[in-house]
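Structure, as structure tokens:
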Amino acid sequence: MSINIVQGVETDQETEAIQEARRQVEICNACRYCEGYCSVFPAITRKRLFAEGDLTQLANLCHNCRGCYYACQYTEPHEFALNIPKILAEVRSESWETFAWPGGLARRFQESGVTMALLLTAGLALFFALIQFLQPESGRGFYAYLSHGLMVALFAPAFLLPLATIAISLRRYWRSVGGARVRLSQLKTAFLDAAQLRNLSGGQGQGCNFEQGTRYTDRRRWLHQAVLYGFLLCFASTSSATLMHYVMGWEAPYGFFTPPKLLGVPGGILLMIGTAGLAWLKLRAAPELGAVRVWGGEMAFVLLLFLVAATGLALYAASGTAAVSPLLAIHLGAVLTFFLLMPYSKMVHGFYRLAALVRDAQQKESTQ
Amino acid sequence: MSEVESLSRQDWDVVVVGGGNAALCAAIEAAEAGCRVLILEGAPEPYRGGNSRHTRNFRCMHKGPLSVLTDSYGEDEYFDDLMLVTKGETDEDLARLAIRSSEDCLPWMEAHGVRFQPSLSGTLSLSRTNAFFLGGGKALVNAYYNTAEDLGVSVAYEAQVKHVEVRDGRFEAVQAEIAGAPCRIRGRAVILASGGFQADIDWLARAWGPSARNFLIRGTPYNRGVVLNDMLEQGAESVGDPTQCHAVAIDGRAPKFDGGIVTRLDCVPFSIVVNREGERFYDEGEDVWPKRYAIWGRLVAAQPDQVAYSIIDSRSIDLFMPSVFKPDQADSIEELAEKLELPPDKLKETVVHFNAACREGDFYPTELDGLATQGISPAKTNWARPISEPPFYGYALRPGVTFTYLGLKVDRTARVSDAQGRYDNIWAAGEIMAGSILGQGYLAGFGMTIGTVFGRIAGQEAAAHVN
Ligand SMILES: Cc1cc2nc3c(=O)[nH]c(=O)nc-3n(C[C@H](O)[C@H](O)[C@H](O)COP(=O)(O)OP(=O)(O)OC[C@H]3O[C@@H](n4cnc5c(N)ncnc54)[C@H](O)[C@@H]3O)c2cc1C
Ligand code: SF4
Ligand code: SF4
């Protein structure tokens, strides 16, 4: 049976962004000049019709490297008005809002850096108050300010519940893009792509066009990987501390030559460099090649991550001084905010990106 | 001091007219030889790069695997390919010079910022002969502008050159309008790289006849041949048939200018093509489409109103590259005819007649399958399958002009001459002189080869003259 290419696969509930993305992607499919930049274009050429789920998948595959904008002979003022990085960014952020649970929260935090700052202030106030009023009688290190039990009671749910809602969102995503059962080889491909940020490499390692117009630079890839690996190191640091605490009965504080510090200090430094760098790039990059609507929320998120890393390191540097108490409150407030916002902020892109890469690996396999 | 004043006040070594591939290659060579170079690009910055920004590859000779090119492609094979399409209307000396130099061009291009990629999906047949630009021609143009900027080349946009001042065989200055402000810019040498005249519809109509007003122009609206005309009026030697242009059949709904690659339609071999009266007029299955799409430009141009309609049924809709505009669709031929504003009865009759002439046999969309009609004229000699399975689809076709052949005659050093002999300090490169090599027809990827080879030669020669 032949597909009905005139009637297409549109549905009534589609947003304007989806319709506009379809219009643009169909032009690309007739052109294909950008095939060498990233996985998005080969994924386009595998299709002729683009259902909403296909466009959602393409959008989450796009890393906003902007190569295809500067290379396009059809950007405005041309009447075809192509701007693939922008429209895919819009579909992408919209899709996160649609899939988020509970709905509505994501929209608020993605759009408004101010809301994020308000939540942060509330988080800080909470910890100042806790330290003020619930400081334990005894305890070593940080536990002299907040009891271990209280910290666990707060952070375990604050970490696990958001993860659970992300799992719900990912399921929704997976259904919408028609994902199949995941195989190990597909996971491997996806993780390798993410580990190298292959889709931000410009296709040949020359880098992307994020902040320097038509000139390629690899800065964004390096800085993003500083954030990614810095974050993973910090995560490993916390995990190792948890293990040491529960399994080995070895309680904080830890000296420098212990896993939590050996992982956490370089992790924190990488995270600071990476987030500061990404914020700087974001200021230099043209906002109209991304989703303008969520610029503020994205920027606030990068700064929040910077705050988490900076206060974490400062806390270590300040050990034994009077600064620990306020620094601890700020650090924990920032971490709590960060955890709570995982499903509703830019942080969630990592999860969707991986899912999209896995789906892409599946689609590649099925056309081979 | 305004930009225009400051540009006019300086003595440039080399003034380059145009801002496409040929101009940029020339400017880069001259700047690398130490010249102070000014590029005058007639288009505003977003549209810089002329037709070059619509390209996707260049054809390159190579003795063994080279960059993204597989196997080898020798001088003689390249030359034979060229002779085949130009039917011998080729200047052998210049053509062989272009072909031989193309091998050096590829590494030069890479060294100046151009990136290549393996041939695009659906163009595997070109992976040996044509090197594709990563991101297409606009990415190439961007890379060259960046390289030129790094070399200190100055660029003025919206800088339309109106007149080249020549006295006693010597170029002295160009008269231009920069963002509407008239100015006179002096230089010690000039390189003319401002393309053909295909965007001047009046000129096309004078050359081809009034039907040319219905042609679509596939590339930039800025190549109006102003400089070409000015030089010809001053007696520069010309070459190439002034009445001819290269036209292919493209989607009839494409924009008047600048529709570029996406307006191509590859459905013709699997279709029947009728004119406004609903009648077939040529063998749609004569050969594989890339070898035929250029003659269809002329064929459609010869039909009433310069329009034709390609009609397929549902079995063929997936056999060709997707097109940018959706076809008209209907469940019966009559209904489709109404949508396309064709006479329904006549179209029905043509289809019935055609279907009756189709015979049993195997249909292979990717090769000449010999599945031909019997007993109708014109015959369809391959892929002749009845148009019988609804829904039916129809696409309008119009001639889309790629370039014109009339150009300035140059020698091996890209130097322009008049009846008295070579001008002292005037060179030309790219489409504006391509007629010196290519008298008719076209070989995919050869336009960029000519522009790169002769742009580089012109830049080197002009620099040698100045230094
Ligand atoms: C849709 C399309 C696809 C093509 N694909 C290919 C391909 O894949 N491979 C290939 O080899 N060839 C291709 N060609 C042909 C190719 O585009 C040309 O051969 C080549 O670009 C010519 O380069 P050029 O520098 O001479 O002209 P252009 O790139 O057209 O540059 C001419 C420049 O002159 C400027 N100009 C014009 N008049 C003036 C003036 N009076 N004053 C100042 N500036 C002026 C223009 O603005 C423009 O910048 C294609 C053509 C089209 C239309
Ligand atoms: S972004 Fe532009 S140049 Fe790239 S594939 Fe799409 S239409 Fe072609
Ligand atoms: S912006 Fe970059 S990653 Fe996104 S589609 Fe374009 S080339 Fe691909």
**OP:** Only helical DSSP H runs with n ≥ 4 go in: add -39500 (n - 2.57) per run for chain A, normalise by residue count and round the 222 nm mean residue ellipticity to 500 deg cm²/dmol.
**Re:** -21500 deg cm²/dmol
Original post:
Given B:Gln117, B:Gln420, B:Thr263, which one lies farthest toward the positive end of the charge dipole of the protein assembly as shown, if we put +1 on the Cβ of every Lys and Arg and -1 on the Cβ of every Asp and Glu?
Top reply: B:Gln117
Original post:
How many percent of the alpha carbon pairs in chain B exceed a separation of 35 Å?
Top reply: 34 percent
**OP:** Please state, rounded to one decimal and in Å, the Kirkwood hydrodynamic radius that the stretch B:248-400 gives when every pair of distinct Cα atoms enters the mean of 1/r.
**Re:** 15.2 Å
**OP:** Would you list the membrane-span-like helices of chain B, meaning whole DSSP H runs whose alpha-carbon atoms span at least 27 Å along their axis and whose mean Kyte-Doolittle value is at least -1.0?
**Re:** B:92-111, B:446-466
Original post:
Tell me, what % of the accessible area of the protein assembly as shown is carbon and sulfur with a 1.4 angstrom probe?
Top reply: 56 percent
Original post:
Under the Kirkwood approximation applied to all pairs of distinct alpha-carbon atoms, what is the hydrodynamic radius of the stretch A:4-98 in Å?
Top reply: 13.3 Å
Subject >> Over chain B: helical MRE at 222 nm, DSSP H runs n ≥ 4 each giving -39500 (n - 2.57), nearest 500 >> reply: -9000 deg cm²/dmol
Original post:
Can you tell which of A:His78, A:His148, A:His331 shows the greatest fluctuation in a Gaussian network model of chain A with Cα springs below 10 Å?
Top reply: A:His78
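With a ≥ b ≥ c taken as the square roots of the eigenvalues of the C-alpha gyration tensor of the protein assembly as shown, please select rounded if a/c is under 1.5 and otherwise prolate if a/b is larger than b/c or oblate if it is not?
Cα axes put the protein assembly as shown in the oblate bin.
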**OP:** Go through A:Gln73, A:Phe50, A:Asn83 and say which Cα lies farthest out towards the positive end of the charge dipole of the stretch A:4-98; charges sit on Cβ, +1 for Lys and Arg, -1 for Asp and Glu.
**Re:** A:Gln73
Subject >> Net charge dipole size for chain A [Lys, Arg +1 and Asp, Glu -1 on Cβ; Debye, nearest 20] >> reply: 760 debye
Original post:
With every protein chain left in place, what is the accessible area per residue of the protein assembly as shown in square angstrom, probe 1.4 Å?
Top reply: 40 Å²
Original post:
Which Rg and Dmax, in Å, describe the Cα atoms of chain A?
Top reply: 22.3, 76
Subject >> Ellipsoid equivalent to the stretch A:188-280 - semi-axes via the Cα gyration tensor, in Å >> reply: 34, 15, 7
Original post:
Taking the mean number of other Cβ atoms within 10 Å as a proxy for protection, how do you rank A:190-197, A:243-250, B:40-47, A:270-277 from highest to lowest?
Top reply: A:270-277, B:40-47, A:190-197, A:243-250
**OP:** For chain A, set up a Gaussian network in which alpha carbons nearer than 10 Å are linked by springs, and say which option among A:Pro259, A:Pro157, A:Pro77 fluctuates the most.
**Re:** A:Pro77
Original post:
Just which residues of the stretch B:36-56 lose 50 Å² or more accessible area with every protein chain there, against their chain alone, with the probe set to 1.4 Å?
Top reply: B:Tyr47
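Quote the charge dipole size of the protein assembly as shown about the Cα centre in Debye, to the nearest 20; the model charges only the Cβ of Lys and Arg (+1) and of Asp and Glu (-1). Don't jump to the answer; show the numbers that get you there.
Numbers: 76 positive and 88 negative charges, 575 e Å.
My answer is approximately 2760 debye.
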Original post:
Tell me, which residues of the stretch A:16-30 get at least 40 Å² less accessible area when the other protein chains come in, versus the chain alone (1.4 Å probe)?
Top reply: A:Glu26, A:Ala30
Original post:
Which distance in nm do the two modelled labels at B:Lys256 and A:Thr217 give, with both placed 7 Å along the Cα-to-Cβ direction?
Top reply: 4.2 nm
Original post:
Helix A:295-317 versus the longest principal axis of chain A: what is the Cα-based angle in degrees, 0 to 90, to the nearest 10?
Top reply: 30 degrees
**OP:** Using the charge dipole of the protein assembly as shown (Lys, Arg: +1 at Cβ; Asp, Glu: -1 at Cβ; taken about the Cα centre), state which of B:Leu40, A:Thr214, B:Ser8 has its Cα farthest towards the positive end.
**Re:** A:Thr214
Subject >> Contact order normalised by residue count of chain B, Cα under 8 Å, 6+ apart, percent >> reply: 23 percent
**OP:** Using only protein heavy atoms and a 1.4 angstrom probe, determine the accessible area buried between B and A, summed over both sides, in Å² to the nearest 100.
**Re:** 3400 Å²
**OP:** At 7 Å along the Cα-to-beta-carbon direction for both A:Thr98 and A:Ala195, put a label point, then send me their distance in nm to one decimal.
**Re:** 3.3 nm
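Taking the Cα centre as origin and putting +1 on Lys and Arg beta-carbons and -1 on Asp and Glu beta-carbons, what dipole magnitude results for the stretch A:4-98, to the nearest 20 debye?
520 debye
The values are calculated or read from the model by the stated rules, or taken from the named source; none is laboratory data. Note that the coordinates shown come from a computational prediction; the quantities given were computed from them, not determined experimentally. Cβ: placed from backbone, ideal geometry, glycine included. Neighbour counts: every protein chain shown. The area values use the complete protein model at the heavy-atom level, side chains included, leaving out ligands, DNA and RNA. Shrake-Rupley method; radii C 1.70, N 1.55, O 1.52, S 1.80 Å.
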